[in-house]
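Notes follow the structure.
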Amino acid sequence: MCMVKGDTFSKTLTINTNGSVQDITNWTVYFTIKNNKDDTDANAVYQQIIGPGSHTIPASGQTTLTIAAGSSSTFQEKVYFYDIQTKNTANEIKTPTRGKFTVSWDITDTTS
C-alpha cells in the first residue's frame, strides 16, 4: 500500500478467507502500521480498530481503512510495515494481508 504524506488515505477492503467473502458483521478488523515488524502495538506508528457496526458493507465483507490528513502528516517519508488482522465471533484471529506501507513526499504544506 502507498500514500502521500499529509493526504487523507482511504481504502475499502473485502475480507475473504480461502477464496470466500466473509460476512464480517460482528467482527473486529485491526489495521496497524509499524516502523519495525517486531515493534509492540503500543509503539505502532498508526493503528485503527474497526469494530462491529462500523464496517462499510459487512455482509459483503467490506470495511474501509481511513487515515486522516492530520494523522498522516506526522508520518516520515519511508517504507513501514503493516498488516490487517481480523477477529471473528469465535475469537479466531486471521491475517488476510500484510506487507510494506510506503509514505511518499508531498510538496504543498498549506491547503487553506
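Here, each number is a calculation from the coordinates, and none is a lab measurement. Computed from a predicted model, the values in this text were never measured in an experiment. A quick note on method: Cβ atoms are made from the backbone with ideal geometry, for glycine too, and the neighbour counts reach across all protein chains shown.
Amide hydrogen proximity for Asp106: with H placed 1.01 Å from N in the peptide plane, the residues at 5 or more positions away or on another chain lying under 5 Å are Lys5. Note on the chain: GNM, Cα springs under 10 Å; of Thr64, Thr102, Thr89, the largest mean-square fluctuation is that of Thr89.
The largest-to-smallest principal axis extents of the Cα set in the chain are 44, 33, 24 Å.
Could you give the size of the charge dipole of the chain about its Cα centre, using +1 on the Cβ of each K and R and -1 on the Cβ of each D and E, expressed in debye and rounded to the nearest 20?
Values: 9 positive and 10 negative charges, 41 e Å.
It works out to roughly 200 debye.
When peptides 21-28, 34-41 are ranked by their average number of other Cβ atoms within 10 Å per residue, the highest-first order is 21-28, 34-41.
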